[in-house]
Amino acid sequence: MFGLSEETKNQQVFFSEIENKEISLFMKREDEIHPFISGNKYRKLKYNIEEALKQKQTTLLTFGGAYSNHIAATAYAGFENNFKTIGVIRGDELANNLDEVLQTNPTLKFAHEHNMDFHFVTRSAYREKTTSKFIASLKEKFGDFYLVPEGGTNTFAIKGCEEILTENDEKFDVICGAIGTGGTISGIINSIKKHQTVIGFPALKGDFLQHEIKKYVLKNNNWSLNTNYHFGGYAKISEELITFINKFKSETNIPLDPVYTGKMMFGIVDLIKKNTFKKGTKILAIHTGGLQGIEGMNTFLKKKKLPLID
Ligand SMILES: *Cc1c(COP(=O)(O)O)cnc(C)c1O
């Protein structure tokens, strides 16, 4: 499954809101790299799976929220490569009515159908997930495992993300990517050419990201974060964002996810409308996938009586 055709296509974006702006905008369709291991999660898992096989590990353990793209991707990657998988999931209340959760939460349902075992923990325990004490308690409970960090971010993940851009992308001036933990954007920054700059769009509040990214980016300062388009925080959404995502899809045929790529594209379009880029700029936005999250978000939107994502 890994290592096959790995170069994804760049699709030009023709969108009415920016059609008179003399900016050329493309999206790299990483969402199409694999039917279930979406976008950047494929890139991030590739060398981790390779390393786990090299270490002759039989179990992958990782962490995530109940709608996490990374949880869905790791479950499938483990399934395909004959690993047992354990998902440490934030929210101990989910354990109390697991049958109902599995019926109503498409992410956990998918992971469960691909043999992932869940270990639900309280939010406070979840915050301890990187401590050696917490990891030791997991080893006591589950035996030995290959640990994939939250969001998959480690040096193996960065290496995979350094393969997103190819020679064909050297014609672009600006590369944009959505940010959760910062692993993907770090790999992209490491692989740009001298004439290129990177703008990262964090999907969550907080300024820890600058520091995280600097851990993985060594040689290059040609990047910045735009923190104006997180819409109030991780997985927060507004009607304006939903309307944008639906309009964007109907005009361009590109589906966007509500947590990451929807916010990034909203930001890019807004910046273009405000003439932030000089005429003739060639922008490549990375579609990091995450479309599995739409169904879960729609369940939530329905409850809130908000419009749904098409
Ligand atoms: C996980 C994810 C991201 C964030 O990637 P990081 O490497 O954690 O910054 C961005 N976009 C999508 C669609 C994702 O699923």
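The values are calculated or read from the model by the stated rules, or taken from the named source; none is laboratory data. These numbers come from a predicted model, not from an experiment. All Cβ positions, even for glycine, are placed from backbone atoms using ideal geometry, and neighbour counts span all protein chains on display.
Figures for the structure shown
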quantity	calculated
Filter result (crowded, with 19+ Cβ neighbours inside 10 Å and more than 12 Å from A111 (Cα to Cα)) within region 76-87	F83
Residues located in region 1-21, provided they are farther than 25 Å from I268 by Cα and without any contact (Cβ under 8 Å) to a residue 40 or more places away in the chain	L4, S5
Meets criteria (away from the ligand (no atom under 13 Å from the Cβ), touching a residue at least 40 places away in the same chain (Cβ under 8 Å), out of contact with any Gly (no Cβ under 9 Å at 6 or more places or on another chain) and within 30 Å of V101 (Cβ to Cβ)) for L308	yes
G232 at positive phi, without any contact (Cβ under 8 Å) to a residue 40 or more places away in the chain and of a type outside the set (D, E)	yes
Region 272-298, subset surrounded by 14 or more Cβ atoms within 10 Å (Cβ to Cβ) and in a helix (DSSP H, G or I), residue nearest to the ligand (Cβ to nearest atom)	G293
First in region 247-271 and of a type in the set (S, T, Y), second anywhere and part of a loop (DSSP other than H, G, I, E, B) and within 15 Å of the ligand (Cβ to nearest atom), Cβ under 8 Å, 6 or more apart	Y260/G180; Y260/A203; Y260/T288; Y260/G290; T261/H287; T261/T288; T261/G289; T261/G290
Criterion: in contact with a strand residue (DSSP E or B) (Cβ under 8 Å, 6 or more places away or on another chain) and within 22 Å of M265 (Cα to Cα) - qualifying residue of S24, S38	S24
In region 202-231, residue modelled with the lowest pLDDT [restricted to those that are away from the ligand (no atom under 14 Å from the Cβ) and either within 20 Å of T299 (Cα to Cα) or among the hydrophobic types (A, V, I, L, M, F, W, C) (or both)]	L218
The one condition in (1) buried (at least 17 other Cβ atoms within 10 Å of the Cβ); (2) within 11 Å of the ligand (Cβ to nearest atom); (3) farther than 16 Å from I286 by Cβ that N246 fails to fulfil	(2)
